[in-house]
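Student: Structure in C-alpha cells, see below.
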Amino acid sequence: MHFNGGGFDQRATDLINPVRRKEHMSYATAGASGAANKSGAGERKTIHIVLHEAKDTVGVAVVEGIRAGSQLNAWIMDEDEIVTVNAKQDIPIGHKVALKDMSVGDTVFKYGVDIGKVVAPITAGEHAHVHNIKTKRW
C-alpha cells in the first residue's frame with residue numbers, strides 16, 4: 001500500500017477495486033516465477049481475481065461480468081504475480097473462484113487465511129461458495 005503525507009494513497013485500492021476506477025483495470029506484469037499458467041513479462045493484463053498469497057486456493061472476483069469460458073487473470077498480491085485460470089461457470093463480482101482442484105475435506109484458503117473446508121468437489125475455475133464450502137466451526 002502507498003501512503004502520502006500520513007494519509008492513504010487511493011491508488012492502492014484502485015488496483016483491487018477496478019469497478020470504481022476503470023482506468024486502473026489493467027496491471028503491468030513483471031513476469032511470474034514458477035506459477036502454473038503464468039503471464040509473460042511486460043504484458044498489460046486486466047485483473048479479474050485478487051488473492052494475497054500463492055497458497056490461496058480461492059481468489060475474489062473484482063470485475064463484473066465473468067462468464068464461463070473466460071480466461072481470468074489472478075493477481076497474487078504478496079508475490080506481485082499474475083496467474084491465469086479458465087472460468088468454468090459465471091462468477092458474480094465479490095464471489096470466490098477456485099484456483100485449483102479441491103476434494104471434499106480440503107482446507108480452503110482466502111487472503112492467506114483458512115476460511116473453511118470443501119464439502120463438494122471443486123475444480124479450478126468454478127464458483128466457490130456456500131454450496132461447496134462450509135465453515136469448520138459448526
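The values are calculated or read from the model by the stated rules, or taken from the named source; none is laboratory data. None of the values given here were measured: they were computed from a predicted structure. Because the Cβ atoms are built from the backbone with ideal geometry, glycine has one as well, and the counts that use them run over all protein chains shown.
Student: Taking region 75-89, which residues are assigned to a strand (DSSP E or B) and over 11 Å from Ile49 (Cα atoms)? Steps first, answer last, please.
Tutor: From region 75-89, those assigned to a strand (DSSP E or B) are 75-76, 81-86; that's our starting set.
Once the filter is applied, which keeps residues that are assigned to a strand (DSSP E or B) and over 11 Å from Ile49 (Cα atoms), region 75-89 yields Glu81, Asn86.
Student: Collect the residues in region 39-49 that are at pLDDT 95 or above and either surrounded by fewer than 21 Cβ atoms within 10 Å (Cβ to Cβ) or part of a loop (DSSP other than H, G, I, E, B) (or both), keeping them in residue-number order.
Tutor: Hits for region 39-49 are Ile47, His48.
Student: Please count how many residues of region 52-81 are under 16 Å from Val108 (Cα atoms) and exposed (fewer than 13 other Cβ atoms within 10 Å of the Cβ).
Tutor: 1
Student: Can you tell me how many residues in region 78-89 are in contact with a Leu (Cβ under 9 Å, 6 or more places away or on another chain) and touching a residue at least 40 places away in the same chain (Cβ under 8 Å)?
Tutor: Number satisfying all stated conditions: 3.
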